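> Can you read through this structure? Questions will come right after.
The values are calculated or read from the model by the stated rules, or taken from the named source; none is laboratory data. Being a predicted model, the structure only gives us computed values, none of them experimental. Please note: Cβ atoms are built from the backbone with ideal geometry, for glycine as well, and neighbour counts cover all protein chains shown.
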Amino acid sequence: MLLLALFATAVVAAPSPICKDAFQKAGISSNYNETIAHAIHSMTVEGLQLFDPLATEQNRVPTVNQDLSQVQKVLPNAPHFHTSSNFATQTMNILDKILSTVGNSKDGLGAHWSSVERIAHVFHMWDLWEKIYETSWPEVLMTPPEPTTCVCLKDTRANGIKAAVEWVAKHYETGTPITLLNRPIPKLTDAQSWSVWKQRLLHYYTPEALHDAAIYLYCVTHH
Ligand SMILES: *[C@@H]1O[C@H](CO)[C@@H](O)[C@H](O)[C@H]1NC(C)=O
């Protein structure tokens, strides 16, 4: 019984009092594990380069493994997202990349996503990163987080961010979660289901969620 209790506390990662204090001072929200995990679960080197043109594959940003058939479901670094340049626009080259993985599911989403859901997901992530860059990023550059905040935020094993990315990877085994709230979501097939998807996709576009993600991205790209 005691052992079980010890195990139960060990799996819920929680920040130390010092980190908790630093997060509070930095204006990081209480559900930062979910807001940040959502922003980075399918991060790519190209996405990081929006915030730091010199970002590489050595970035320490935990992401869902693009190949979910592998044992390791969460990788320690965000991978590249290489597209071809067969088409003239980057949008079409991204669409080419997405549709070229349909059927082998090597796009980090598992087996349950339809083509249109995969397309919505990829462009949603780019859209969110762009939103962070346009809204919270300039504020964070003007008032950068304290070094302690960054040490605490980058320790994703201790602060629960990695666990939340693992939550996402695990739920891709059974469905198409958009938020980390464990709410059922319809298949995206028509305008009615899109209205539900749209609402879910916009869930982490609040100033608080964007601020959490911007601080984390500052820490991983500037320290
Ligand atoms: C995020 O942290 C909260 C508070 O510690 C916890 O209740 C929740 O389960 C965590 N979410 C995930 C997806 O790990």
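> Here is a list: 35, 101, 63. Which entry is of a type in the set (Val, Ile, Thr) and either on the phi > 0 side of the Ramachandran plot or free of Cβ contacts under 8 Å to residues at least 60 places away in the same chain (or both)?
101
> Starting from residues that are closer than 30 Å to residue 144 by Cβ and free of Cβ contacts under 8 Å to residues at least 24 places away in the same chain, keep the ones in the range 66-83 and report whichever is surrounded by the most Cβ atoms within 10 Å (Cβ to Cβ).
Among those that are closer than 30 Å to residue 144 by Cβ and free of Cβ contacts under 8 Å to residues at least 24 places away in the same chain, it is 75.
> Can I ask one more? Considering only residues that are more than 16 Å from residue 150 (Cβ to Cβ) and in contact (Cβ under 8 Å) with a residue 60 or more places away in the chain, which ones fall in the range 10-32?
11, 12, 13, 14, 29
> Let me ask something additional. May I ask you to say which residue of 178, 185, 161, 119 is farther than 19 Å from residue 30 by Cβ, crowded, with 21+ Cβ neighbours inside 10 Å and not aromatic (Phe, Trp, Tyr)?
Sole residue among the options that is farther than 19 Å from residue 30 by Cβ, crowded, with 21+ Cβ neighbours inside 10 Å and not aromatic (Phe, Trp, Tyr): 178.
> For the range 106-223, please list each of the helices (runs of 4 or more DSSP H) lying entirely inside it that holds at least 3 residues being more than 16 Å from the ligand (Cβ to nearest atom) and touching a Ser or Thr at 6+ places or on another chain (Cβ under 8 Å).
115-142, 207-222
> Considering (1) in contact with a Pro (Cβ under 9 Å, 6 or more places away or on another chain); (2) modelled with pLDDT under 95; (3) closer than 17 Å to residue 32 by Cα, say which one residue 161 fails and leave the rest.
Residue 161 satisfies all of (1) in contact with a Pro (Cβ under 9 Å, 6 or more places away or on another chain); (2) modelled with pLDDT under 95; (3) closer than 17 Å to residue 32 by Cα except (2).
> Taking the range 54-107, which residues are in contact with a strand residue (DSSP E or B) (Cβ under 9 Å, 6 or more places away or on another chain) and farther than 20 Å from residue 157 by Cβ?
66
> Given (1) modelled with pLDDT of 95 or more; (2) within 19 Å of residue 182 (Cα to Cα); (3) touching a Phe, Trp or Tyr at 6+ places or on another chain (Cβ under 9 Å), identify the lone condition not met by residue 31.
The one condition residue 31 does not meet is (3).
> Scan 16, 85, 69 and give me the residue that is more than 16 Å from the ligand (Cβ to nearest atom) and at pLDDT below 95.
Just a single option satisfies the conditions, and that option is 69.
> Something else: For residues that are among the hydrophobic types (A, V, I, L, M, F, W, C) and part of a loop (DSSP other than H, G, I, E, B), scanning just the range 84-105, find the one that is surrounded by the fewest Cβ atoms within 10 Å (Cβ to Cβ). Spell out the reasoning first.
Filtering the range 84-105 down to residues among the hydrophobic types (A, V, I, L, M, F, W, C) leaves 87-88, 92, 94-95, 98-99, 102.
Now restrict to residues that are part of a loop (DSSP other than H, G, I, E, B): 87-88, 102.
Working: 87: 13, 88: 8, 102: 14.
Selected residue: 88.
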